Each structure stands twice: as C-alpha cells, then as structure tokens.
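Asker: I'd like to ask some things about the structure below.
The values are calculated or read from the model by the stated rules, or taken from the named source; none is laboratory data. Small disclaimer: the values here were computed from a predicted structure and weren't measured. Reconstructed Cβ throughout: ideal geometry from the backbone, glycine too, with neighbour counts over all protein chains shown.
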Amino acid sequence: MPIQAPRGTRDILPDDINQWNYVEKEFALVCKKFGYKEIRLPVFEYTELFQRGVGDTTDVVQKEMYTFEDKGGRSITLRPEGTAGVVRSYIEHGMSSLPQPVKLFYQITAYRYEKVQKGRYREFHQFGVELLGAADPAADVEVISMLSLFFNRLGIKNLKLNLNSIGCPECRSAYNELLKSYLADKIGDMCDTCKTRYGRNPMRILDCKEELCKKKLIDAPALLDHICDDCREHFNQVTKKLDTIDIHFDIDKNIVRGLDYYTRTVFEFVSENIGTQGTVCGGGRYDGLVEACGGAPTPGIGFALGVERLLLEMNSQGIEFPIPETPDIYIGAIGEKAGPVSEKLAWQLRNNNIYCIKDIMGRSVRAQMKYADKLGVRYSLILGDNEIESNKAQLRDMKTGEVKDISLDTLIDRLVKNKG
Ligand code: HAM
C-alpha cells in the first residue's frame, strides 16, 4: 500500500497554488502598506514557551500540542500558533529598544492535534500580525481596520466582525469569583477538564465544547458586564473609533478566545458560508504576554487568520482569482537542423525576458502543440527544415488562433514589443 499524507495535513497541489500565491502576496502588500515588517520564526520552540504564553489550562496546550523530546532530552513543541514565538523573538532580540510600536507580520504553518473536519486541520496556515508597544485603543482599531481592508481588497463580503472585552487580570479575578459561585452547584455534573479549570482558571470553563457543560453555562454572568472602569473606557473608545470609520461590528459577550494571553479587546471575523468552522480570523490584545515571557511590561495586539478558511470563503463566494503566470511562447522543433536552432533561439528569447518553453522530449508536432496548449502559453512557433531554410516561421497566437509569417531575425523584437 502506498503511504499517504498524515491525517489532518493537506498537499497544496500545483492546480491550487495560484490561489495561495495570490492571497499571500495581497496579505504581504497590505501589511507592508500599514508599516509591518515580515518575521520568520522556527516551526518548533521549547514547550515551555507555549505553556507560559498560550497558557497551560487551555485546550491548545492541554490537548492539542505536538510535543516530543528531542535527542538532547529537551521538550519541543511544533508551534500551535504564531504569537508566542513572535513575543519570544521580540524579547530575545531586544526589539523593545527599537522605535515603538514594533509591527510584525507572518505567514506560517501551525500544528494542533484537533478533530479533523472541513476547515479544521492538524497542519494549517495562518497569516498574522503582532503590534507591540501601543496600548491605545487606536491600535486596536488600526489592526481591525487593516483586516477589514484586506477582506475588501480580496472582494470578500459579509464577514461578520464580533467584538468583546475580556478585561484585565484585576477585573478578571473578581469575575472568576463570581463565575465560581454561579457554578458552585453545577460543577459536580460537568466534565473533568471543567472541574480542573474550576480550581485553576475558572474563566476557561466558558471555552468548554462539551454539550452538557455548555448547557450549564447558559445563564452564566458575562465578563463584559463586570469589567473595571479603565477596561470599560478602553472598550468604549474602540467601539466609538470603529463607528467613526464605519466598520460595522456586533458585540458578542460570549467570545472568550481559546488562548490565555488575551486582555481587553478580543474579536473574530466569522463567515456563515463555510460550515461550523466559520471563524476565519481571531485576535485581540495581550498586554501581559511580553512580561509573562520574561520581557519588560509591553502592550500588544494582533490577529491570525486561517488561510484554508479564507480560501474556502473566497471560493464559496465565487471570487475570481487572477490568471496564473505562464511561459510566453512555446518553440517546437522537428528534424535534425531545427534542434540546435531552437536551442539558440530559446536562449536568446530568455535573455530578452521572453519566457520560452522548448521541446525537450523529441515528440511529434501534434503532441508538441497539445502540450503547448496545456501550458497556457500565449504564442507558439514550430521550426522544421523548411523554416530553417527560409529563415521564416509561423507565429501562432494561441488565444485568437491567428497565424502570422514572421522572419526569425525579427522574432525577438516583435515579441518584446508585443509584451510591452
Ligand atoms: P486562533 O483563534 O487560535 O488565534 O487561530 C486563528 C485562526 O486560525 C482561526 O480563526 C482559524 O481561522 C485558524 N485556525 C485555528 N485552528 C485551526 C485549525 N485546526 N485548522 C484550520 N484553521 C485553524 C491564534 O492563533 C492567535 N495567535 C491569534 C492572535 C495573534 N492573537 C493575537 N495575535
């Protein structure tokens, strides 16, 4: 039996790569225009980074990480997300001494051992940004508006922006007590994970996916109703500024996010088209994360969007992608004399920025033309003994079918002119 790719991973095949290349290029462009610089980080980090950063009571850390011991006995984890690594790098490379804020973007693979379904994989791709050093609500709004602009550029419509505030550690500790007293007579019937979280991090219980636990939580107090005055003011500023630039949002008190580092603003862009895994993008503020990872207190905010889900959404909306680049011309050759002439011609064309494919299989003219057609080249030209003798050949426009006699001496000039 041939070996197959591991469950939850997907090959991105040549027929699909154009869509990926397009969104990657557009995302990088928007990021650069907003002043972000690209950062590339290792696929694996020390496990401790995610335990400290993402939080050891989260599903991601408790259930979903690909963790192993390397040959030196160190515990290593394939990154389940990008933020913790960016923050580790920010601290390690002393980026706090750079002009603030520091704006970084990334295009990464991430790994989570999750139940595989449409839109949910074990290896998946994220586009993300992290903005470090700015505490002002204006930073939250800039990050959200950048996403909105990115979706607009791609022609995506109707993604719903849901917004919430989950406060700061101070308001959260008061809220946790409130939640605990609400759950006191219910926790006995809830799952083991909830029971552990009850003692260690009650707010995480809100993230439980067990049906029975979800039912018990229906009337739980909402954190947004219990945040402190400073957090409330921050949230009000964010909503006011979003209104000013006409970015529509809904307040969703149920967003808690699945990672522990969040403070204050959290948000998600959700699709109604692509099934249960409809959250295309998630993000928020994480003002305590740099400190938790060993750096000086530094505010931060960012997001990551799932590229598989982005493409699912674009395809479900019928969005057209640009036509992929193809070679410019196919040079076919038949007969002994044509071989070396076509080789020389191909070389000259390529040196003049005309991208040429020539026969390297010794196939019949018919097979060569069929191949040229499949390649999607704009022009084709066949060289045989007659063409070499007369120094003339027929240039075929593969799109219109038009055929023109052309002198081989003027071919390069002609194609350069056509290209311009
Ligand atoms: P997250 O919500 O865990 O946030 O993931 C962000 C996005 O990645 C999701 O909205 C989803 O589109 C995609 N995603 C997550 N898991 C999977 C999966 N198993 N299969 C396919 N797509 C998936 C973060 O990762 C944070 N680091 C975002 C962030 C950056 N917050 C602040 N800065």
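Asker: Just to be sure, is TYR106 out of contact with any helix residue (DSSP H, G or I) (no Cβ under 6 Å at 6 or more places or on another chain), crowded, with 16+ Cβ neighbours inside 10 Å, in a strand (DSSP E or B) and among the aromatic types (Phe, Trp, Tyr)?
Answerer: For TYR106, the condition - out of contact with any helix residue (DSSP H, G or I) (no Cβ under 6 Å at 6 or more places or on another chain), crowded, with 16+ Cβ neighbours inside 10 Å, in a strand (DSSP E or B) and among the aromatic types (Phe, Trp, Tyr) - is met.
Asker: Do we find a residue being in contact with a helix residue (DSSP H, G or I) (Cβ under 7 Å, 6 or more places away or on another chain) and part of a loop (DSSP other than H, G, I, E, B) anywhere in the stretch 27-38?
Answerer: Yes, the stretch 27-38 contains a residue that is in contact with a helix residue (DSSP H, G or I) (Cβ under 7 Å, 6 or more places away or on another chain) and part of a loop (DSSP other than H, G, I, E, B).
Asker: Pull out all pairs, ordered by first then second residue, where Cβ-Cβ is under 8 Å, the residues are six or more apart or on different chains, the first lies in the stretch 310-323 and is touching a residue at least 60 places away in the same chain (Cβ under 8 Å), and the second is within 15 Å of the ligand (Cβ to nearest atom) and of a type in the set (Phe, Trp, Tyr).
Answerer: LEU310/PHE127; LEU311/TRP20
Asker: From the list GLY288, GLY294, exactly one residue is in contact with a Ser or Thr (Cβ under 9 Å, 6 or more places away or on another chain) and among the small types (Gly, Ala, Ser). Which is it?
Answerer: GLY288
Asker: Answer yes if at least one residue in the stretch 271-286 is out of contact with any helix residue (DSSP H, G or I) (no Cβ under 9 Å at 6 or more places or on another chain) and surrounded by fewer than 19 Cβ atoms within 10 Å (Cβ to Cβ), and no otherwise.
Answerer: Initial filter on the stretch 271-286 (out of contact with any helix residue (DSSP H, G or I) (no Cβ under 9 Å at 6 or more places or on another chain)): 272, 276, 282.
Subset that is surrounded by fewer than 19 Cβ atoms within 10 Å (Cβ to Cβ): 272, 276.
Checked against the condition, which is being out of contact with any helix residue (DSSP H, G or I) (no Cβ under 9 Å at 6 or more places or on another chain) and surrounded by fewer than 19 Cβ atoms within 10 Å (Cβ to Cβ), the stretch 271-286 yields at least one hit.
Asker: On to the next question. Answer yes or no: is there a residue in the stretch 36-44 that is among the hydroxyl-bearing types (Ser, Thr, Tyr) and either without any contact (Cβ under 8 Å) to a residue 12 or more places away in the chain or within 22 Å of GLY300 (Cα to Cα) (or both).
Answerer: yes
Asker: Could you please let me know if LYS195 is out of contact with any Leu (no Cβ under 9 Å at 6 or more places or on another chain) and of a type outside the set (Asp, Glu)?
Answerer: For LYS195, the condition - out of contact with any Leu (no Cβ under 9 Å at 6 or more places or on another chain) and of a type outside the set (Asp, Glu) - is met.
Asker: Which of the strands (runs of 3 or more DSSP E) contained wholly in the stretch 335-420 include at least 3 residues that are surrounded by fewer than 18 Cβ atoms within 10 Å (Cβ to Cβ)?
Answerer: Result: 392-397, 403-407.
Asker: Would you check which residues across the stretch 260-286 are within 20 Å of ILE227 (Cα to Cα), more than 18 Å from the chain's Cα centre (by Cα) and either near the ligand (Cβ under 9 Å from one of its atoms) or not in a strand (DSSP E or B) (or both) and list them?
Answerer: Scanning the stretch 260-286 gives ASP260, TYR261, TYR262, VAL266, ARG285, TYR286.
Asker: Select from the stretch 213-252 the residues that are under 26 Å from the mean Cα position of the chain (by Cα) and not in a helix (DSSP H, G or I) and list them in ascending order.
Answerer: ILE245, ASP246, ILE247, HIS248, PHE249, ASP250, ILE251, ASP252 - these are the residues of the stretch 213-252 that are under 26 Å from the mean Cα position of the chain (by Cα) and not in a helix (DSSP H, G or I).
Asker: If you check PRO297 against the conditions, is it away from the ligand (no atom under 12 Å from the Cβ) and under 30 Å from ASN21 (Cα atoms)?
Answerer: No: the conditions fail for PRO297.
Asker: Is it true that ARG10 is surrounded by fewer than 20 Cβ atoms within 10 Å (Cβ to Cβ) and within 13 Å of the ligand (Cβ to nearest atom)?
Answerer: Considered against the rule, which asks whether it is surrounded by fewer than 20 Cβ atoms within 10 Å (Cβ to Cβ) and within 13 Å of the ligand (Cβ to nearest atom), ARG10 comes out as yes.
Asker: Within the stretch 97-141, work out how many residues are among the acidic types (Asp, Glu), within 14 Å of the ligand (Cβ to nearest atom) and closer than 30 Å to ARG232 by Cα.
Answerer: So the count comes out to 2.
Asker: Given (1) in a helix (DSSP H, G or I); (2) over 30 Å from PRO101 (Cβ atoms); (3) touching a residue at least 40 places away in the same chain (Cβ under 8 Å), where does PRO327 come up short, assuming only one miss?
Answerer: (1)
Asker: Could you tell me which numbered condition CYS231 fails, if it satisfies all but one of (1) within 16 Å of the ligand (Cβ to nearest atom); (2) in the same structural domain as ASN158 (by TED's automatic domain parsing); (3) of a type outside the set (Asp, Glu)?
Answerer: Among (1) within 16 Å of the ligand (Cβ to nearest atom); (2) in the same structural domain as ASN158 (by TED's automatic domain parsing); (3) of a type outside the set (Asp, Glu), CYS231 violates only (1).
Asker: Another question, if that's okay. Of all residues in the stretch 75-95, count the ones that are of a type in the set (Asp, Glu) and either surrounded by 24 or more Cβ atoms within 10 Å (Cβ to Cβ) or out of contact with any Lys or Arg (no Cβ under 9 Å at 6 or more places or on another chain) (or both).
Answerer: 1
Residue-wise test of (1) within 21 Å of the chain's Cα centre (by Cα); (2) over 30 Å from ASN201 (Cα atoms); (3) not assigned by TED's automatic domain parsing to the domain that holds GLY294.
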position: ALA28; (1), (2), (3): yes, yes, no
position: LEU49; (1), (2), (3): no, no, no
position: THR67; (1), (2), (3): no, no, no
position: ALA84; (1), (2), (3): yes, no, no
